[in-house]
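K.L.:
Shown below is the structure under consideration.
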Amino acid sequence: MLRSRILGCGAYLPEKVLTNDDLAETVDTSNDWIIERTGITRRHIAADGELTSDLAFSAAERAIAAAGIPANEIDLLILATSTPDNTFPATAAKVQARLGMRHGVAFDVQAVCAGFICALSVADKFLLSGQARIALIIGAETYSRILDWNDRSTCVLFGDGAGAAVLRAEESAGNGADRGVLSVKMHSDGRNYDALYVDGGVSSSQTAGHLRMKGKEVYRHAVVKLAAVAGEALQAAGLAPGEIDWLVPHQANLRIINAVAQRLELPAEKLVVTVDRHANTSSASIPLALVEAIEDGRIKSGDVVLMEAIGGGFVWGSAVVRW
Ligand code: UT7
């Protein structure tokens, strides 16, 4: 039996930091409002000329170094992004070339904030079917380029960043103590297209557009759907919430993270939270949080990690991994 084992993770955050107080100088908001409603204190913003592919490449280099494998052994690269460098080719193609990957396949997936779970799900299937042996998955975003900086209801919520993971198909005993991806569950419901979207695009307006969101509606759906899909992923892995060591959620809002944890009856000590310093980095938020918890020693070999995310569409999903 094969399992997709995570060999290493890496992350990258742009140097520039934008605090709530910085934002309050340009839009009608306050540090207190942002912290109280979201838990966010600051976010990173890509420099002029720094592209999604640059962020993705830096995170990928670090993940590859952590995995300890040569880049040219990777035969699958999946980049999750809703802020690609160009309409086409896939941003993954640029990253593939920069990494020196000369075989296999590279492509983008678009599942907005659920992008990392989607990339993990697709990579897992490639690895388990034998179509690839070593996969690199990346979540990378430059949301600063699609924010309406005059709209206080959205511009305070997002940041830029990237995170990546290298996975390898490995033989496992199948005895219930396997390391690797234990389960992935995903859903979408396109009836909610207008709840969170970008009001531009090649086919519709020939402009990049700006992010628009019905915040309260998204919030309501998020708590219910994330708790439900996390429950499904746990059940598929044959685990109870009490067997989870770490919840690494998509980082959109601290209130959503806490509400989902409460529904799963997970104590605060098991939550990995970065939204306070990163804000919502969409597909990058889970791998960014993973890297933080690995590097500070919280996530250790053998730990069971539950991930969950929801994004525009809506599309949502959850994965369980034994580290
Ligand atoms: O990653 C994809 C998933 N995205 C999410 O999960 C986001 C989900 N939604 C949320 O996190 C929350 O709904 C928000 C953080 C976006 C908003 O929080 P809320 O508690 O739902 O606030 P609200 O939208 O109901 O706004 C409350 C008030 C309004 O004023 P009035 O109408 O009560 O006078 C807003 O105009 O807060 C006002 N407001 C602000 N005030 C200061 C909205 N944005 C701001 C702001 N600063 N930045």
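The values are calculated or read from the model by the stated rules, or taken from the named source; none is laboratory data. If you're wondering where the values come from, they're calculated on a predicted model, not measured in any experiment. Cβ sites come from the backbone with ideal geometry, for glycine too, and all protein chains shown count toward neighbours. Note: accessible area is taken over every heavy atom of the protein model, side chains too, but ligands, DNA and RNA are not part of it. Shrake-Rupley method; radii C 1.70, N 1.55, O 1.52, S 1.80 Å.
K.L.:
For region 242-255, give me each residue that is in contact with a strand residue (DSSP E or B) (Cβ under 8 Å, 6 or more places away or on another chain), more than 10 Å from the ligand (Cβ to nearest atom) and either open to solvent by 10 Å² or more (accessible area, probe 1.4 Å) or not assigned by TED's automatic domain parsing to the domain that holds L226 (or both).
P.N.:
Listed by number, the residues that qualify are E243, D245, W246.
K.L.:
Still on this structure, I have one more. Specify which of the listed residues (L13, L51, L77) is crowded, with 22+ Cβ neighbours inside 10 Å and under 14 Å from Y143 (Cα atoms).
P.N.:
Only one candidate passes the filter, namely L13.
Quick grid of which residues meet (1) assigned by TED's automatic domain parsing to the domain that holds I74; (2) part of a helix (DSSP H, G or I); (3) not hydroxyl-bearing (S, T, Y):
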residue	(1), (2), (3)
D148	yes, no, yes
S153	yes, yes, no
G161	yes, no, yes
L167	yes, no, yes
S188	no, no, no
E217	no, yes, yes
R220	no, yes, yes
V224	no, yes, yes
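Every residue, every condition in (1) free of Cβ contacts under 8 Å to residues at least 40 places away in the same chain; (2) basic (K, R); (3) on the phi > 0 side of the Ramachandran plot, yes or no:
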| residue | (1), (2), (3) |
| --- | --- |
| A236 | no, no, no |
| E243 | no, no, no |
| W246 | no, no, no |
| Q251 | yes, no, no |
| Q262 | yes, no, no |
| I286 | no, no, no |
| G297 | yes, no, yes |
| L306 | no, no, no |
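K.L.:
I need the full set of residues from region 28-73 which are of a type outside the set (V, I, T), assigned to a helix (DSSP H, G or I) and within 16 Å of the ligand (Cβ to nearest atom), in order please. Reasoning before the result, please.
P.N.:
Step one: list which residues in region 28-73 are of a type outside the set (V, I, T), which gives 28, 30-33, 36-37, 39, 42-44, 46-51, 53-63, 65-68, 70-73.
Narrowing further to those that are assigned to a helix (DSSP H, G or I): 31-33, 36-37, 53-63, 65-67, 71-73.
Within region 28-73, N31, D32, W33, E36, R37 qualify.
K.L.:
Moving on. Can you spot a residue in region 112-121 that is closer than 18 Å to T38 by Cα, polar (S, T, N, Q) and within 19 Å of the chain's Cα centre (by Cα)?
P.N.:
no
K.L.:
So, one more: Which of (1) more than 16 Å from the chain's Cα centre (by Cα); (2) within 21 Å of L288 (Cβ to Cβ); (3) in a helix (DSSP H, G or I) does Q96 not meet, given it meets every other one?
P.N.:
Every listed condition holds for Q96 apart from (2).
K.L.:
So, one more: If I filter region 148-177 down to residues being surrounded by fewer than 17 Cβ atoms within 10 Å (Cβ to Cβ) and not small (G, A, S), which single residue comes out as nearest to the ligand (Cβ to nearest atom)?
P.N.:
Applying the filter and picking the extreme gives D151.
K.L.:
Based on this model, can you work out whether L226 counts as within 11 Å of the ligand (Cβ to nearest atom), touching a residue at least 24 places away in the same chain (Cβ under 8 Å), open to solvent by less than 40 Å² (accessible area, probe 1.4 Å) and not hydroxyl-bearing (S, T, Y)?
P.N.:
Here the answer is yes, as L226 does meet what is asked.
K.L.:
Answer with yes or no whether G209 is more than 24 Å from A293 (Cα to Cα), open to solvent by less than 20 Å² (accessible area, probe 1.4 Å) and of a type outside the set (D, E, K, R). Give the steps one after another, and end with the answer.
P.N.:
Details: more than 24 Å from A293 (Cα to Cα): yes; open to solvent by less than 20 Å² (accessible area, probe 1.4 Å): yes; of a type outside the set (D, E, K, R): yes.
Yes; evaluated as a whole, the condition is true for this residue.
K.L.:
A follow-up question, please. Working only within region 64-91, note down all residues that are touching a residue at least 24 places away in the same chain (Cβ under 8 Å) and within 23 Å of R145 (Cβ to Cβ).
P.N.:
Matches in region 64-91: L77, I78, L79, A80, T81, S82, T83, P84, D85, T87, T91.
K.L.:
Quick check: is even one residue across region 301-311 open to solvent by 10 Å² or more (accessible area, probe 1.4 Å), in the same structural domain as V229 (by TED's automatic domain parsing), within 15 Å of the chain's Cα centre (by Cα) and within 16 Å of the ligand (Cβ to nearest atom)?
P.N.:
Among the residues of region 301-311, at least one is open to solvent by 10 Å² or more (accessible area, probe 1.4 Å), in the same structural domain as V229 (by TED's automatic domain parsing), within 15 Å of the chain's Cα centre (by Cα) and within 16 Å of the ligand (Cβ to nearest atom), which makes the answer yes.
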